[in-house]
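**Q** Let me give you the structure first, and then I'll get to my questions.
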Amino acid sequence: MATHNLLLLPGDGIGPEVMAEVDRLVAFLAKKSKVEFKTEQALCGGCSIDKHGTPLTEEVLAKAKAADAIIFGSVGGPKWDKVAYEIRPEAGLLRLRKELDLFANLRPAICYPALAEASSLKRELVEGLDILILRELTGGTYFGEPKEIVTLENGQKRAVDTTVYTTHEIERIARVAFDLARKRKNKVHSAEKRNVMKTGVLWNQVVTAVHAAEAKDVELQHILADACSMQLVRNPKQFDVIVCDNLFGDMLSDQAAMLAGSLGMLPSASLGAPDPKTGLRKALYEPIHGSAPDIAGKGIANPIAQMASFGMALRYSCNMVKEADLLDKAIANTLAQGYRTADIMQPNMRSVGTTEMGKAIVTELERLIG
Ligand code: NAD
(Lines give C-alpha, C1' and ligand atoms only; values in the text may rest on other atoms or scores of the structure.)
Protein backbone atom coordinates (compact mmCIF):
# COMPACT_ATOMS: atom_id res chain seq x y z
CA MET A 1 0.00 0.00 0.00
CA ALA A 2 1.37 3.42 -0.98
CA THR A 3 2.09 5.74 1.94
CA HIS A 4 2.20 9.52 1.60
CA ASN A 5 3.85 11.58 4.32
CA LEU A 6 2.18 14.96 4.54
CA LEU A 7 3.25 17.87 6.72
CA LEU A 8 0.36 20.26 7.42
CA LEU A 9 1.33 23.81 8.36
CA PRO A 10 -1.98 25.65 8.92
CA GLY A 11 -0.36 28.91 10.06
CA ASP A 12 -2.35 31.94 11.20
CA GLY A 13 -5.72 33.65 10.78
CA ILE A 14 -8.08 31.58 8.64
CA GLY A 15 -5.28 29.05 7.94
CA PRO A 16 -6.35 26.55 10.65
CA GLU A 17 -10.04 26.98 9.73
CA VAL A 18 -9.58 26.08 6.06
CA MET A 19 -6.96 23.41 6.86
CA ALA A 20 -9.59 21.58 8.94
CA GLU A 21 -11.38 20.89 5.63
CA VAL A 22 -8.18 19.32 4.26
CA ASP A 23 -8.18 17.07 7.34
CA ARG A 24 -11.72 16.09 6.43
CA LEU A 25 -10.62 15.23 2.87
CA VAL A 26 -7.58 13.25 4.04
CA ALA A 27 -9.72 11.22 6.46
CA PHE A 28 -12.25 10.51 3.71
CA LEU A 29 -9.65 9.48 1.09
CA ALA A 30 -7.75 7.32 3.59
CA LYS A 31 -11.00 5.44 4.16
CA LYS A 32 -11.95 5.19 0.47
CA SER A 33 -8.72 4.58 -1.45
CA LYS A 34 -5.93 2.06 -1.18
CA VAL A 35 -3.41 4.57 0.14
CA GLU A 36 -2.22 5.56 3.56
CA PHE A 37 -1.71 9.19 4.53
CA LYS A 38 0.65 9.86 7.41
CA THR A 39 -0.08 13.44 8.40
CA GLU A 40 1.58 15.63 10.96
CA GLN A 41 0.72 19.20 11.92
CA ALA A 42 3.31 21.76 12.94
CA LEU A 43 3.68 25.50 13.54
CA CYS A 44 4.89 28.04 11.00
CA GLY A 45 4.39 31.82 10.91
CA GLY A 46 3.02 34.01 13.69
CA CYS A 47 1.89 31.03 15.80
CA SER A 48 5.49 29.76 15.80
CA ILE A 49 6.81 33.21 16.74
CA ASP A 50 4.44 33.22 19.73
CA LYS A 51 5.65 29.82 20.94
CA HIS A 52 9.30 29.66 19.83
CA GLY A 53 10.31 33.23 18.94
CA THR A 54 10.93 32.26 15.31
CA PRO A 55 8.54 31.74 12.37
CA LEU A 56 10.16 28.40 11.48
CA THR A 57 12.09 26.18 13.89
CA GLU A 58 14.92 23.90 12.72
CA GLU A 59 12.79 20.95 13.83
CA VAL A 60 9.88 21.93 11.55
CA LEU A 61 12.28 22.64 8.69
CA ALA A 62 13.69 19.11 9.06
CA LYS A 63 10.15 17.69 8.99
CA ALA A 64 9.42 19.72 5.85
CA LYS A 65 12.53 18.33 4.17
CA ALA A 66 11.50 14.78 5.02
CA ALA A 67 7.85 15.10 3.94
CA ASP A 68 6.51 13.96 0.55
CA ALA A 69 4.46 17.15 0.42
CA ILE A 70 3.80 20.19 2.58
CA ILE A 71 0.27 21.52 2.74
CA PHE A 72 0.58 25.14 3.79
CA GLY A 73 -2.18 27.43 5.07
CA SER A 74 -1.32 31.10 5.35
CA VAL A 75 0.75 33.20 7.69
CA GLY A 76 0.79 36.72 9.10
CA GLY A 77 -1.55 39.29 10.52
CA PRO A 78 -1.55 42.61 12.39
CA LYS A 79 -0.56 40.90 15.65
CA TRP A 80 2.98 40.45 14.29
CA ASP A 81 3.30 43.76 12.43
CA LYS A 82 5.95 45.00 14.87
CA VAL A 83 8.25 41.96 15.03
CA ALA A 84 11.73 42.33 13.50
CA TYR A 85 11.81 42.03 9.68
CA GLU A 86 14.06 38.94 9.77
CA ILE A 87 11.65 36.97 11.94
CA ARG A 88 8.33 38.22 10.50
CA PRO A 89 5.77 35.44 9.84
CA GLU A 90 6.35 35.45 6.04
CA ALA A 91 10.08 34.79 6.61
CA GLY A 92 9.12 31.23 7.61
CA LEU A 93 7.48 30.58 4.24
CA LEU A 94 10.33 32.23 2.32
CA ARG A 95 12.87 30.08 4.18
CA LEU A 96 10.92 26.92 3.32
CA ARG A 97 10.86 27.88 -0.38
CA LYS A 98 14.59 28.62 -0.32
CA GLU A 99 15.77 25.61 1.71
CA LEU A 100 13.72 23.19 -0.41
CA ASP A 101 14.79 25.01 -3.61
CA LEU A 102 11.20 25.24 -4.81
CA PHE A 103 11.96 26.85 -8.17
CA ALA A 104 8.73 26.07 -10.04
CA ASN A 105 5.55 27.85 -9.03
CA LEU A 106 2.33 26.49 -10.52
CA ARG A 107 -0.75 28.68 -10.50
CA PRO A 108 -3.80 27.26 -12.22
CA ALA A 109 -6.60 29.58 -13.29
CA ILE A 110 -9.80 27.59 -13.46
CA CYS A 111 -13.19 29.15 -14.04
CA TYR A 112 -15.99 26.98 -12.66
CA PRO A 113 -19.06 27.38 -14.91
CA ALA A 114 -21.22 28.26 -11.87
CA LEU A 115 -19.01 31.26 -11.15
CA ALA A 116 -18.48 32.53 -14.71
CA GLU A 117 -20.75 35.52 -14.04
CA ALA A 118 -18.44 36.65 -11.22
CA SER A 119 -15.50 37.15 -13.61
CA SER A 120 -14.77 40.63 -14.93
CA LEU A 121 -14.67 39.13 -18.44
CA LYS A 122 -17.67 37.95 -20.44
CA ARG A 123 -19.03 34.48 -19.61
CA GLU A 124 -18.15 32.99 -23.02
CA LEU A 125 -14.50 34.04 -22.66
CA VAL A 126 -13.96 32.40 -19.26
CA GLU A 127 -16.53 29.63 -18.80
CA GLY A 128 -14.62 26.33 -18.53
CA LEU A 129 -11.25 28.11 -18.52
CA ASP A 130 -8.43 25.86 -17.29
CA ILE A 131 -4.92 27.21 -17.74
CA LEU A 132 -1.72 26.93 -15.77
CA ILE A 133 0.89 29.63 -15.30
CA LEU A 134 4.31 28.21 -14.48
CA ARG A 135 6.54 30.84 -12.91
CA GLU A 136 10.26 30.44 -12.27
CA LEU A 137 10.47 31.30 -8.57
CA THR A 138 14.06 31.44 -7.39
CA GLY A 139 15.95 33.44 -10.04
CA GLY A 140 15.61 36.50 -12.26
CA THR A 141 14.99 40.10 -11.30
CA TYR A 142 13.99 39.47 -7.68
CA PHE A 143 17.30 37.83 -6.77
CA GLY A 144 19.90 39.14 -9.28
CA GLU A 145 22.87 41.19 -8.04
CA PRO A 146 23.63 44.07 -7.96
CA LYS A 147 20.39 45.09 -6.34
CA GLU A 148 20.79 48.45 -4.71
CA ILE A 149 19.95 52.11 -4.40
CA VAL A 150 23.04 54.33 -4.47
CA THR A 151 23.35 58.09 -4.01
CA LEU A 152 25.12 59.80 -6.90
CA GLU A 153 27.57 62.71 -6.63
CA ASN A 154 24.87 65.16 -7.71
CA GLY A 155 22.62 64.02 -4.83
CA GLN A 156 20.28 62.05 -7.11
CA LYS A 157 19.65 58.41 -6.32
CA ARG A 158 20.10 55.50 -8.69
CA ALA A 159 18.28 52.19 -8.26
CA VAL A 160 19.37 48.94 -9.89
CA ASP A 161 17.74 45.51 -10.16
CA THR A 162 19.51 42.86 -12.19
CA THR A 163 17.80 40.15 -14.22
CA VAL A 164 19.99 37.04 -14.37
CA TYR A 165 19.32 33.55 -15.71
CA THR A 166 21.64 30.63 -16.40
CA THR A 167 21.08 27.77 -18.86
CA HIS A 168 20.50 25.34 -15.97
CA GLU A 169 17.78 27.48 -14.40
CA ILE A 170 15.89 27.78 -17.68
CA GLU A 171 16.34 24.12 -18.61
CA ARG A 172 14.84 22.83 -15.38
CA ILE A 173 11.75 25.07 -15.52
CA ALA A 174 11.26 24.21 -19.22
CA ARG A 175 11.30 20.50 -18.32
CA VAL A 176 8.63 21.07 -15.67
CA ALA A 177 6.51 22.93 -18.26
CA PHE A 178 6.68 20.07 -20.77
CA ASP A 179 6.01 17.46 -18.05
CA LEU A 180 2.94 19.34 -16.85
CA ALA A 181 1.63 19.89 -20.38
CA ARG A 182 1.76 16.13 -20.98
CA LYS A 183 -0.70 15.69 -18.08
CA ARG A 184 -2.98 18.41 -19.55
CA LYS A 185 -3.66 19.57 -23.14
CA ASN A 186 -0.08 19.11 -24.30
CA LYS A 187 0.59 22.75 -25.21
CA VAL A 188 3.22 25.16 -23.84
CA HIS A 189 3.55 28.89 -24.48
CA SER A 190 6.95 30.25 -23.43
CA ALA A 191 6.68 33.98 -22.66
CA GLU A 192 9.70 36.32 -22.56
CA LYS A 193 10.93 39.63 -23.98
CA ARG A 194 13.63 38.49 -26.40
CA ASN A 195 13.07 41.67 -28.41
CA VAL A 196 14.56 43.87 -25.66
CA MET A 197 16.20 41.63 -23.02
CA LYS A 198 19.25 39.37 -23.22
CA THR A 199 17.69 37.04 -20.63
CA GLY A 200 14.75 36.80 -23.03
CA VAL A 201 17.08 35.76 -25.87
CA LEU A 202 18.70 33.04 -23.73
CA TRP A 203 15.32 31.93 -22.34
CA ASN A 204 14.01 31.49 -25.88
CA GLN A 205 17.11 29.57 -27.04
CA VAL A 206 17.18 27.21 -24.06
CA VAL A 207 13.43 26.43 -24.11
CA THR A 208 13.73 25.73 -27.86
CA ALA A 209 16.70 23.41 -27.27
CA VAL A 210 15.00 21.45 -24.43
CA HIS A 211 11.91 21.08 -26.60
CA ALA A 212 13.93 19.78 -29.57
CA ALA A 213 15.90 17.34 -27.43
CA GLU A 214 13.30 16.06 -24.98
CA ALA A 215 9.76 17.19 -25.73
CA LYS A 216 8.92 17.10 -29.41
CA ASP A 217 5.64 15.41 -28.46
CA VAL A 218 4.47 18.67 -26.82
CA GLU A 219 3.33 21.68 -28.87
CA LEU A 220 5.54 24.71 -28.15
CA GLN A 221 4.84 28.34 -29.04
CA HIS A 222 6.94 31.36 -28.15
CA ILE A 223 5.15 34.56 -27.25
CA LEU A 224 6.32 37.99 -26.08
CA ALA A 225 5.31 38.51 -22.47
CA ASP A 226 3.41 41.74 -23.21
CA ALA A 227 1.49 40.06 -26.05
CA CYS A 228 0.76 37.17 -23.68
CA SER A 229 -0.75 39.56 -21.16
CA MET A 230 -2.96 41.03 -23.89
CA GLN A 231 -4.03 37.60 -25.18
CA LEU A 232 -4.89 36.47 -21.64
CA VAL A 233 -7.64 39.08 -21.60
CA ARG A 234 -8.63 38.78 -25.29
CA ASN A 235 -8.85 34.99 -25.59
CA PRO A 236 -7.61 33.17 -22.46
CA LYS A 237 -8.86 29.72 -23.49
CA GLN A 238 -6.23 29.48 -26.26
CA PHE A 239 -3.62 28.71 -23.55
CA ASP A 240 -2.79 25.53 -21.68
CA VAL A 241 0.58 25.95 -19.89
CA ILE A 242 2.39 29.31 -19.93
CA VAL A 243 5.99 29.23 -18.70
CA CYS A 244 7.83 32.41 -17.84
CA ASP A 245 10.46 33.98 -15.62
CA ASN A 246 9.96 35.22 -12.06
CA LEU A 247 8.99 38.83 -12.85
CA PHE A 248 6.67 38.17 -15.81
CA GLY A 249 5.24 35.18 -13.96
CA ASP A 250 4.37 37.36 -10.98
CA MET A 251 2.31 39.65 -13.25
CA LEU A 252 0.80 37.07 -15.58
CA SER A 253 -0.24 34.68 -12.81
CA ASP A 254 -2.12 37.40 -10.90
CA GLN A 255 -3.80 38.48 -14.12
CA ALA A 256 -4.75 34.92 -15.08
CA ALA A 257 -5.90 34.08 -11.56
CA MET A 258 -8.31 36.97 -11.40
CA LEU A 259 -9.96 35.89 -14.67
CA ALA A 260 -11.37 33.11 -12.51
CA GLY A 261 -12.84 35.25 -9.73
CA SER A 262 -12.31 35.24 -5.95
CA LEU A 263 -9.07 34.91 -4.02
CA GLY A 264 -10.72 32.21 -1.90
CA MET A 265 -10.85 29.88 -4.93
CA LEU A 266 -7.24 29.79 -6.06
CA PRO A 267 -4.69 27.05 -5.23
CA SER A 268 -0.97 26.95 -6.03
CA ALA A 269 1.99 24.60 -5.88
CA SER A 270 5.73 25.14 -5.64
CA LEU A 271 7.93 22.28 -6.81
CA GLY A 272 11.64 21.53 -6.53
CA ALA A 273 13.96 19.20 -8.41
CA PRO A 274 13.11 15.50 -8.65
CA ASP A 275 14.78 13.24 -6.09
CA PRO A 276 17.36 11.14 -8.01
CA LYS A 277 16.22 7.95 -6.24
CA THR A 278 12.43 8.29 -6.08
CA GLY A 279 11.76 10.81 -8.87
CA LEU A 280 9.50 12.66 -6.40
CA ARG A 281 9.83 16.44 -6.30
CA LYS A 282 9.94 18.44 -3.07
CA ALA A 283 6.63 20.25 -3.01
CA LEU A 284 4.64 22.84 -1.10
CA TYR A 285 0.96 23.44 -1.81
CA GLU A 286 -0.84 26.56 -0.62
CA PRO A 287 -3.79 28.79 -1.42
CA ILE A 288 -3.02 32.12 -3.08
CA HIS A 289 -4.82 34.06 -0.35
CA GLY A 290 -3.34 35.26 2.93
CA SER A 291 -4.50 34.80 6.50
CA ALA A 292 -7.52 37.13 6.05
CA PRO A 293 -7.40 38.57 9.60
CA ASP A 294 -10.61 40.54 8.88
CA ILE A 295 -12.68 37.32 8.81
CA ALA A 296 -10.54 34.98 10.94
CA GLY A 297 -12.39 33.13 13.70
CA LYS A 298 -15.81 33.75 12.16
CA GLY A 299 -16.15 30.40 10.39
CA ILE A 300 -16.98 32.09 7.07
CA ALA A 301 -13.72 31.65 5.08
CA ASN A 302 -13.96 29.89 1.74
CA PRO A 303 -12.06 26.56 2.06
CA ILE A 304 -11.97 25.83 -1.71
CA ALA A 305 -8.49 27.28 -2.41
CA GLN A 306 -7.04 25.21 0.44
CA MET A 307 -8.89 22.05 -0.58
CA ALA A 308 -7.91 22.52 -4.23
CA SER A 309 -4.28 22.99 -3.10
CA PHE A 310 -4.52 19.55 -1.50
CA GLY A 311 -5.98 18.37 -4.83
CA MET A 312 -2.80 19.57 -6.54
CA ALA A 313 -0.80 17.53 -4.00
CA LEU A 314 -2.83 14.45 -4.94
CA ARG A 315 -2.05 15.12 -8.62
CA TYR A 316 1.63 16.06 -8.46
CA SER A 317 2.99 14.42 -5.29
CA CYS A 318 0.76 11.39 -4.62
CA ASN A 319 0.18 10.19 -8.18
CA MET A 320 -3.57 10.17 -7.46
CA VAL A 321 -4.67 11.89 -10.68
CA LYS A 322 -8.10 10.23 -10.75
CA GLU A 323 -8.90 11.38 -7.21
CA ALA A 324 -7.59 14.88 -8.04
CA ASP A 325 -9.89 15.05 -11.10
CA LEU A 326 -12.84 13.88 -9.00
CA LEU A 327 -12.11 16.45 -6.31
CA ASP A 328 -12.10 19.21 -8.95
CA LYS A 329 -15.40 17.86 -10.23
CA ALA A 330 -16.84 17.68 -6.70
CA ILE A 331 -15.95 21.37 -6.18
CA ALA A 332 -17.56 22.32 -9.52
CA ASN A 333 -20.72 20.30 -8.72
CA THR A 334 -21.02 21.74 -5.21
CA LEU A 335 -20.88 25.24 -6.67
CA ALA A 336 -23.42 24.24 -9.33
CA GLN A 337 -25.72 23.04 -6.52
CA GLY A 338 -25.71 26.63 -5.23
CA TYR A 339 -23.40 26.41 -2.19
CA ARG A 340 -21.65 29.77 -1.65
CA THR A 341 -19.40 31.18 1.04
CA ALA A 342 -19.73 34.93 1.65
CA ASP A 343 -16.88 35.92 -0.69
CA ILE A 344 -18.60 34.34 -3.73
CA MET A 345 -22.25 34.84 -2.68
CA GLN A 346 -24.72 35.51 -5.50
CA PRO A 347 -28.48 36.17 -5.43
CA ASN A 348 -30.70 33.13 -4.70
CA MET A 349 -27.76 30.92 -3.73
CA ARG A 350 -27.30 28.99 -0.50
CA SER A 351 -25.09 30.89 1.96
CA VAL A 352 -22.80 28.55 3.92
CA GLY A 353 -19.79 28.76 6.22
CA THR A 354 -16.38 27.08 5.99
CA THR A 355 -17.42 23.75 7.55
CA GLU A 356 -20.64 23.39 5.59
CA MET A 357 -18.85 24.06 2.30
CA GLY A 358 -16.14 21.51 3.18
CA LYS A 359 -18.71 18.90 4.16
CA ALA A 360 -20.74 19.49 0.98
CA ILE A 361 -17.64 18.99 -1.19
CA VAL A 362 -16.66 15.77 0.60
CA THR A 363 -20.26 14.49 0.35
CA GLU A 364 -20.22 15.19 -3.40
CA LEU A 365 -16.80 13.51 -3.73
CA GLU A 366 -18.20 10.46 -1.96
CA ARG A 367 -21.11 10.36 -4.44
CA LEU A 368 -18.68 10.62 -7.40
CA ILE A 369 -16.30 7.97 -6.09
CA GLY A 370 -19.26 5.74 -5.27
P1 NAD B 1 -5.64 38.20 2.26
O2 NAD B 1 -5.55 37.31 1.09
O3 NAD B 1 -5.42 37.60 3.59
O4 NAD B 1 -7.09 38.92 2.25
C5 NAD B 1 -7.53 39.79 1.23
C6 NAD B 1 -9.07 39.84 1.24
O7 NAD B 1 -9.59 38.62 0.72
C8 NAD B 1 -9.64 39.98 2.65
O9 NAD B 1 -10.80 40.81 2.60
C10 NAD B 1 -10.02 38.57 3.04
O11 NAD B 1 -11.09 38.49 3.95
C12 NAD B 1 -10.40 37.97 1.68
N13 NAD B 1 -10.10 36.54 1.65
C14 NAD B 1 -8.87 35.96 1.54
N15 NAD B 1 -8.96 34.64 1.57
C16 NAD B 1 -10.28 34.34 1.71
C17 NAD B 1 -11.01 33.12 1.81
N18 NAD B 1 -10.40 31.93 1.79
N19 NAD B 1 -12.35 33.21 1.94
C20 NAD B 1 -12.98 34.40 1.97
N21 NAD B 1 -12.35 35.58 1.87
C22 NAD B 1 -11.00 35.56 1.74
O23 NAD B 1 -4.59 39.38 2.01
P24 NAD B 1 -4.19 40.60 2.96
O25 NAD B 1 -5.38 41.11 3.72
O26 NAD B 1 -3.42 41.52 2.10
O27 NAD B 1 -3.15 39.97 3.98
C28 NAD B 1 -3.49 39.51 5.30
C29 NAD B 1 -2.27 38.86 5.92
O30 NAD B 1 -1.91 37.69 5.18
C31 NAD B 1 -1.03 39.76 5.91
O32 NAD B 1 -0.33 39.59 7.12
C33 NAD B 1 -0.23 39.23 4.73
O34 NAD B 1 1.16 39.47 4.89
C35 NAD B 1 -0.54 37.76 4.81
N36 NAD B 1 -0.37 37.03 3.53
C37 NAD B 1 0.15 35.78 3.63
C38 NAD B 1 0.28 35.00 2.50
C39 NAD B 1 0.81 33.60 2.65
O40 NAD B 1 0.81 33.07 3.75
N41 NAD B 1 1.27 32.97 1.58
C42 NAD B 1 -0.13 35.49 1.26
C43 NAD B 1 -0.68 36.77 1.18
C44 NAD B 1 -0.80 37.53 2.34
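The values are calculated or read from the model by the stated rules, or taken from the named source; none is laboratory data. In this text the structure is predicted, and so the values were computed from the model without any measurement. Every residue, glycine as well, gets a Cβ built from its backbone with ideal geometry; the counts of neighbours run over all protein chains shown. Just so you know, the surface numbers come from the protein's heavy atoms only, side chains and all, with ligands and any DNA or RNA stripped out. Shrake-Rupley method; radii C 1.70, N 1.55, O 1.52, S 1.80 Å.
**Q** With a probe of 1.4 Å, find how much accessible area region 130-259 has per residue, and write the answer as a whole number in Å². Please report the intermediate quantities before stating the final value.
**A** Details: 6300 Å² over 130 residues.
In whole numbers, region 130-259 has 48 Å² accessible per residue.
**Q** In region 40-64, which residues have a backbone nitrogen under 18 Å from the label point lying 7 Å from A84's Cα in the Cα-to-Cβ direction?
**A** 45-58
**Q** When every alpha-carbon pair in region 114-205 is counted, what percent end up more than 15 Å apart? If you can, show how the numbers build up before the last one.
**A** On the way: 3020 of 4186 pairs.
Counting every Cα pair in region 114-205, those more than 15 Å apart make up 72 percent.
**Q** Add -39500 (n - 2.57) for each DSSP H run of 4 or more in the chain, then divide by its residues: what number comes out at 222 nm, to the nearest 500 deg cm²/dmol? List each step's numbers first, then the result.
**A** Values: 12 runs with 151 residues, N = 370.
Computed ellipticity for the chain at 222 nm equals -13000 deg cm²/dmol.
**Q** Taking 0.36 nm per intervening residue step and subtracting the Cα-Cα distance, what contour gain separates Q255 from K298 on full extension? Spell out each step's value before the answer.
**A** Numbers: separation 43, 0.36 × 43 = 15.48 nm, distance 2.93 nm.
Taking 0.36 nm per residue and subtracting the Cα distance, the gain is 12.6 nm.
**Q** Additional query: Please give me the summed charge of the neighbours of R107: other residues whose Cβ is under 12 Å from its Cβ, Lys and Arg +1, Asp and Glu -1.
**A** Details: positive: R135; negative: D250, D254, E286.
Local charge sum for R107: -2.
**Q** Here's another thing I want to ask about it. Per residue, how much accessible surface does region 1-91 expose to a 1.4 Å probe? Answer in Å², no decimals. Mind dumping the intermediate values first?
**A** Values: 4160 Å² over 91 residues.
Ligands and nucleic acids excluded, the result is 46 Å² per residue.
**Q** While we're here: Run the quick spin-label model on K216 and R350: label points 7 Å from Cα toward the beta carbon, then report their separation in nm to one decimal.
**A** 5.4 nm
**Q** Rounded, prolate or oblate, given the Cα gyration tensor of region 253-331, with a/c below 1.5 counting as rounded? Can you show the working numbers first?
**A** Numbers: a/c = 2.01, a/b = 1.75, b/c = 1.15.
In terms of gyration-tensor shape, prolate.
**Q** Can you work out the PRE-style zone for M1? Point 7 Å along Cα to Cβ, and I want the residues of region 287-327 with backbone N under 19 Å.
**A** Only 314, 318-321, 323 pass the distance filter.
**Q** Let me ask you something else. Count the net charge of all other residues whose Cβ sits under 12 Å from the Cβ of A30, scoring Lys and Arg as +1 and Asp and Glu as -1. Mind dumping the intermediate values first?
**A** Working: positive: R24, K31, K32, K34, K38; negative: D23, E36, E323.
Around A30, the charge tally is +2.
**Q** For K187, list the lysines whose Cα falls under 20 Å from its own Cα; do not include residues on the same chain fewer than 8 positions away.
**A** K216, K237
**Q** Suppose R0 equals 25 Å; then what is the FRET efficiency for N319 and K65 from their Cβ-Cβ distance, rounded to the nearest 0.05?
**A** Efficiency computed from Cβ-Cβ geometry: 0.75.
**Q** Still on this structure, I have one more. Pick out, in residue order, every one of the trypsin sites (Lys or Arg not before Pro) in region 8-90 that is DSSP loop and has at most 14 other C-beta atoms within 10 Å; say none if there are none.
**A** K34, K82
**Q** Now a separate question. Quick check for you: which residues of region 119-140 have the amide N under 17 Å from the point 7 Å beyond the Cα of K198 toward its beta carbon?
**A** 140
**Q** What length, rounded to one decimal in nm, is gained on full extension from K32 through to A159, with 0.36 nm per residue of separation minus their alpha-carbon distance? Intermediate results must be reported in sequence, preceding the final value.
**A** Values: separation 127, 0.36 × 127 = 45.72 nm, distance 5.66 nm.
Net length gain for the segment: 40.1 nm.
**Q** Give the shape of the chain as rounded, prolate or oblate, defined through the alpha-carbon gyration tensor: a ≥ b ≥ c are the square roots of its eigenvalues, a/c under 1.5 means rounded, and otherwise the shape is prolate if a/b is larger than b/c and oblate if not.
**A** Details: a/c = 1.42, a/b = 1.21, b/c = 1.18.
In terms of gyration-tensor shape, rounded.
**Q** When the chain is treated as a GNM, springs tying every alpha-carbon pair under 10 Å, which of M357, M320, M230 comes out with the largest mean-square fluctuation?
**A** Ranking M357, M320, M230 by mean-square fluctuation puts M230 first.
**Q** In whole Hz, with x marking every Gly and Pro, tabulate ³J(HN,Hα) for region 103-114 from phi via Karplus 6.51 cos²θ - 1.76 cosθ + 1.60, θ = phi - 60°.
**A** Once θ is set to phi - 60°, the couplings for region 103-114 become 8, 10, 9, 9, 10, x, 10, 10, 10, 5, x, 5 Hz.
**Q** List the GluC sites (Glu not before Pro) within region 84-155 that DSSP assigns to loop and that have no more than 10 neighbouring Cβ atoms inside 10 Å. If you can, show how the numbers build up before the last one.
**A** On the way: sites: E86, E90, E99, E117, E124, E127, E136, E148, E153; in loops: E127, E153.
For GluC sites (Glu not before Pro) across region 84-155 that sit outside H, G, I, E and B with at most 10 neighbouring Cβ atoms in 10 Å, the list reads E153.
**Q** Would you kindly derive the ³J(HN,Hα) couplings of region 297-308 from the backbone phi angles with the Karplus curve 6.51 cos²θ - 1.76 cosθ + 1.60 (θ = phi - 60°), listing them in order in whole Hz, with x for Gly and Pro?
**A** Coupling constants for region 297-308: x, 9, x, 10, 5, 7, x, 5, 4, 5, 5, 5 Hz.
**Q** Between beta-carbons, use under 14 Å as the cut-off and find the net charge around M357, counting Lys and Arg +1, Asp and Glu -1.
**A** Details: positive: R24, K298, R340, R350, K359; negative: E17, E21, D343, E356, E364.
Surrounding charge for M357 is 0.
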